[in-house]
Amino acid sequence: MYAVMTAVPLGEDDLVAPPSPELLRRYGTSEAALARLVSRPHLTLLLHTSDVESAAFVQRDVRTDALRLARQHDGVVIDLGVPRVVEGDADDVSLAHATQWYVVDYAELDAGQLTTVGLTAFGLPEVVVEDVDPSGHAMIGAVLAGLVHRLVAEWPANDPVGTATVTLRDIAYGLGDPGAATTPADRTIDVSIDYDPDAHRLVVRLLADPATALFAP
């Protein structure tokens with residue numbers, strides 16, 4: 001579900017309230033994007049439904065359509081599922097670039113947790129990474145990007161519960177590195193994944209120190 005915000009209506013405005021600036025800011029929307037929204041009050045909604053097998057491709061196609069529509073009318077796109085402003089060009093949309101599709105909620109970082117927001121659009125549970133050292137959250141966030149890259153690519157054909165191996169190449173794809181295809185895949189880290197049915201989320205724990213497993217010389 002995406003909103004295309006424009007300065008002039010593209011037809012009859014859809015009666016959906018856009019997210020507040022505070023909420024958009026919380027999930028990473030830039031101040032420049034928020035400033036552009038002020039002069040674009042008219043909302044066109046792009047809403048599609050899908051079965052789980054097709055969810056990733058539908059998500060990709062709807063985002064692409066929203067960005068193209070915005071480009072044609074000098075508009076701004078809001079992903080209403082996260083919610084945040086989607087920046088970039090339609091040609092840059094990629095399912096392999098995992099961080100395009102979720103944000104990390106740091107609200108529980110002091111309690112040792114990183115949580116995703118956005119994966120439910122793919123029919124996946126959100127992910128919570130446990131036992132996070134707040135001082136090393138950036139490196140663990142990189143591993144999370146590699147894991148989400150794999151989850152999106154392999155779901156629903158493969159059940160994510162169990163032990164998974166995340167490679168340095170997975171991380172490069174997840175972070176949108178242009179050189180991902182040639183990034184070595186022999187540096188790896190194992191993670192355990194459990195399903196918490198009460199919270200409907202995947203609980204992830206790293207089984208090694210990423211600094212040693214992935215980045216040590």
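The values are calculated or read from the model by the stated rules, or taken from the named source; none is laboratory data. The structure displayed is predicted, hence computed values, not measured ones. Note: ideal-geometry Cβ built from the backbone for every residue, glycine included; neighbour counts use all protein chains shown.
Of all residues in the stretch 86-107, how many are touching a strand residue (DSSP E or B) at 6+ places or on another chain (Cβ under 8 Å) and either of a type in the set (F, W, Y) or without any contact (Cβ under 8 Å) to a residue 12 or more places away in the chain (or both)?
The qualifying residues number 3.
Which fully enclosed helices (runs of 4 or more DSSP H) of the stretch 136-217 have 3 or more residues being crowded, with 16+ Cβ neighbours inside 10 Å?
137-154, 168-174
Can you give me the ranges of the strands (runs of 3 or more DSSP E) entirely in the stretch 31-125 with at least 2 residues that are outside the structural domain of W155 (by TED's automatic domain parsing) and buried (at least 18 other Cβ atoms within 10 Å of the Cβ)? Let's see the steps before the verdict.
Values: elements: 42-46, 76-79, 84-86, 103-105, 114-117.
Output list reads 42-46, 76-79, 84-86.
Limited to the stretch 33-54, what total is found for residues that are among the polar types (S, T, N, Q) and within 19 Å of E12 (Cα to Cα)?
Number satisfying all stated conditions: 2.
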